[in-house]
Amino acid sequence: MAAPVRIAIAVFEGAEELDFVGPWEVLAGWRHLYPDDVEVFLVGDDSAPVTCAKGMRVLADRSWDDLSDVDVLVYPGGRGTRAQLGDEHIRARLRALKERGTLMTSVCTGALVYADAGLLDGQPATTHWSAFDELLSLGREITPRRDDRFVDAGEVITAAGVSAGSDMALHLVGRLGSPDKAREVRRSIQYDPEPPY
């Protein structure tokens, strides 16, 4: 039997709630249906409560210092990403994960942190519609994909703003599990967007 896919979802001060809770719901839904397929957990600086962008408080399951190799990292956006730009410790951490073969995924302005670390250079990427100018200024030769819900560039996947993280997470289930499992998860969580406005 293959080892479960290990997925870490980052949390930090000012992270946008749905950026990580949406993917969590999808990926934990996969785990619920197929417990041997996947392990999902939150990673943060330490075990202290994290206050997110709109006031939700969460606790990380593991700290970055205790994080062993993971197959996938999901990095949310939110106002808290701006304080991370230019932080060489964060840049080095993300580069090291990518070099070890971690599939790097981001939601919304999490892409800014990836761009700042050089992970998006020479690649297509998306982010929140309001953040493309900032994104392009942080990297080199990033091809903006303004109309895409998510962009799978192979080793890095970026998702557009907030709710697009759920689409990206379903794509992950399809890519790492199977399309049939992704359809099962989508049905299980009744993800059939039909916004009233």
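Figures for the structure shown
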read-out: Residues being over 10 Å from T158 (Cβ atoms) and open to solvent by 10 Å² or more (accessible area, probe 1.4 Å) - total across segment 110-124; value: 4
read-out: Check on T102, in contact (Cβ under 8 Å) with a residue 40 or more places away in the chain, of a type in the set (S, T, N, Q), crowded, with 18+ Cβ neighbours inside 10 Å and under 25 Å from L170 (Cβ atoms); value: no
read-out: Residue among R175, R140 that is touching a residue at least 12 places away in the same chain (Cβ under 8 Å), basic (K, R) and closer than 21 Å to I9 by Cβ; value: R175
read-out: Subset of segment 152-174 (residues that are more than 12 Å from the chain's Cα centre (by Cα), of a type in the set (A, V, I, L, M, F, W, C) and more than 18 Å from D37 (Cβ to Cβ)); value: A153
read-out: Residues (surrounded by fewer than 17 Cβ atoms within 10 Å (Cβ to Cβ) and either closer than 13 Å to T126 by Cα or among the basic types (K, R) (or both)) located in segment 175-194; value: R175, R183, R187
read-out: The lone exception for E25 - which of (1) part of a helix (DSSP H, G or I); (2) under 22 Å from A117 (Cα atoms) it fails; value: (2)
read-out: Answer from G161, G122, G174 - the residue that is of a type outside the set (V, I, T) and touching a Gly at 6+ places or on another chain (Cβ under 8 Å); value: G161
read-out: Criterion: of a type in the set (D, E), within 22 Å of E99 (Cα to Cα) and out of contact with any Gly (no Cβ under 7 Å at 6 or more places or on another chain) - qualifying residue of E155, E194, E141, E184; value: E155
read-out: Sole residue being closer than 27 Å to L136 by Cα, aliphatic (A, V, I, L, M), modelled with pLDDT of 95 or more and open to solvent by 50 Å² or more (accessible area, probe 1.4 Å), chosen from A10, A83, A53; value: A83
read-out: Selected residue [under 28 Å from P124 (Cα atoms) and surrounded by fewer than 16 Cβ atoms within 10 Å (Cβ to Cβ)] from R91, R95; value: R95
read-out: Residue in segment 64-86 that is under 26 Å from G161 (Cβ atoms), of a type in the set (D, E, K, R) and out of contact with any helix residue (DSSP H, G or I) (no Cβ under 8 Å at 6 or more places or on another chain) present; value: yes
read-out: Counted residues, segment 137-185 - those being farther than 23 Å from P195 by Cβ and part of a loop (DSSP other than H, G, I, E, B); value: 8
read-out: Hits in segment 40-91 - residues which are without any contact (Cβ under 8 Å) to a residue 40 or more places away in the chain, among the acidic types (D, E) and either touching a strand residue (DSSP E or B) at 6+ places or on another chain (Cβ under 8 Å) or assigned to a helix (DSSP H, G or I) (or both); value: D45, D46, D61, D65, D66, E88
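Here is a yes/no grid of residues against (1) modelled with pLDDT of 95 or more; (2) over 17 Å from G78 (Cα atoms); (3) open to solvent by 20 Å² or more (accessible area, probe 1.4 Å):
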residue	(1), (2), (3)
E141	yes, yes, yes
A159	yes, no, no
A164	yes, no, no
V173	yes, yes, no
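The values are calculated or read from the model by the stated rules, or taken from the named source; none is laboratory data. All figures in this text were calculated on a predicted structure; none of them were measured in a lab. Every residue, glycine as well, gets a Cβ built from its backbone with ideal geometry; the counts of neighbours run over all protein chains shown. Just so you know, the surface numbers come from the protein's heavy atoms only, side chains and all, with ligands and any DNA or RNA stripped out. Shrake-Rupley method; radii C 1.70, N 1.55, O 1.52, S 1.80 Å.
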